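Notes to accompany the following structure.
The values are calculated or read from the model by the stated rules, or taken from the named source; none is laboratory data. Keep in mind that this is a model prediction, so the values were computed, not measured. All Cβ positions, glycine included, derive from the backbone under ideal geometry; neighbour counts span all protein chains shown. The protein model used for the area step is the full one, side chains on, heavy atoms only, and it has no ligands, DNA or RNA in it. Shrake-Rupley method; radii C 1.70, N 1.55, O 1.52, S 1.80 Å.
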Amino acid sequence: MTARRDALAALKGTLARLERGAMPSASPHFSLGPTGLDALLGGGLARAALHEVFAASPAHGPSATGFALGLALRAAPSAPVVWIRQRMLDQEFGRPYGHGIAALGLDPGRLVLVRARDAEAVLKATHDAARCGAVGVVIAEIWGAPRVLDLTASRRLSLAAAESGVTVIVTRTDAEPAASAALSRWQVRAMASPATEAGLPGLPAFLVTLLRHRAGIPPRDWPMEWDREHRRFRERAALPRRLDALPGDRAAAPQAPALPFRRAG
């Protein structure tokens, strides 16, 4: 009787993985790309878990979003991605741009974009999506520090992710880290992206800080960039200056006066 129960449990697990579009031998972790970081994390970040991404300041919100999208591509290379975004972020940074998403390597055709009125609506939609085993990743973007996003809410998301096998990434802008059930917590800051030799825009660059990991991994900074061609992060060889965005209510620094020119010949 015990053998039959074990066989039934194994069959149910296999069916659940197939429903998610994964092979039975799929790894419970996904690699970010940089060898040193993956080794520190014990092989990468866990799927079927809750992870948090914080913008270092409101000006770095788009960078936090870009990092979260990169994590989603690493966690689910081909499965559907549900992106639930609070409308306040659209007002601050504009709506997601299809061509830009495609340039990162994410096919907009497998993206489900949900615009929610407030944080409570974001949490409800995130919990519903996280319970659907056909989804690969759920990204939830929330502005500020709403009371509804407490330890209990994060536990519910973590349990839903563990039961369905869906990876949940909650991205926070204009918020400070607080107690939660997230497996890992990250902070993201934009970095200067040097142009290529042909003068084209360089790769998206981030200064990523691991703030907390339940395995007890100590905090550490990781300068990295997103390789759009291979859809992976890679560590930068050098640490260039941070890119601090200019607030909208502050004028740009005055430019040096142009040198006078005279006509020759």
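When you look at P257, is it at pLDDT below 50 and over 18 Å from F30 (Cα atoms), yes or no? Considered against the rule, which asks whether it is at pLDDT below 50 and over 18 Å from F30 (Cα atoms), P257 comes out as yes. R172 falls short on exactly one of the conditions (1) of a type outside the set (D, E); (2) touching a helix residue (DSSP H, G or I) at 6+ places or on another chain (Cβ under 6 Å); (3) surrounded by 16 or more Cβ atoms within 10 Å (Cβ to Cβ), and that condition is (2). Among the residues of region 175-190, those that are under 26 Å from F30 (Cα atoms) and open to solvent by 10 Å² or more (accessible area, probe 1.4 Å) comprise P177, A178, A179, S180, A181, L183, R185, Q187, R189, A190.
The set of residues from region 102-122 being in contact with a strand residue (DSSP E or B) (Cβ under 9 Å, 6 or more places away or on another chain), in contact (Cβ under 8 Å) with a residue 40 or more places away in the chain and over 29 Å from A145 (Cα atoms) comprises just one member, G105. A single member of A182, A125 is closer than 25 Å to I217 by Cβ and in contact with a strand residue (DSSP E or B) (Cβ under 6 Å, 6 or more places away or on another chain), and it is A182.
Are any residues in region 157-186 part of a strand (DSSP E or B) and more than 16 Å from A72 (Cα to Cα), and if so, which ones? Before the answer, list the steps.
The initial filter retains those residues of region 157-186 that are part of a strand (DSSP E or B), namely 167-173, 184-186.
Result: T173, single match.
The set of residues from region 47-62 being open to solvent by 20 Å² or more (accessible area, probe 1.4 Å) and over 18 Å from A178 (Cβ atoms) comprises R47, A48, A59, P62. Scanning region 34-49 for residues that are touching a residue at least 60 places away in the same chain (Cβ under 8 Å), under 19 Å from G136 (Cα atoms) and in a loop (DSSP other than H, G, I, E, B) turns up R47, A48, A49.
For region 208-227, residues that are outside any loop (DSSP other than H, G, I, E, B), free of Cβ contacts under 8 Å to residues at least 40 places away in the same chain and surrounded by fewer than 16 Cβ atoms within 10 Å (Cβ to Cβ) total 1. The set of residues from region 187-207 being charged (D, E, K, R) and outside any loop (DSSP other than H, G, I, E, B) comprises just one member, R189.
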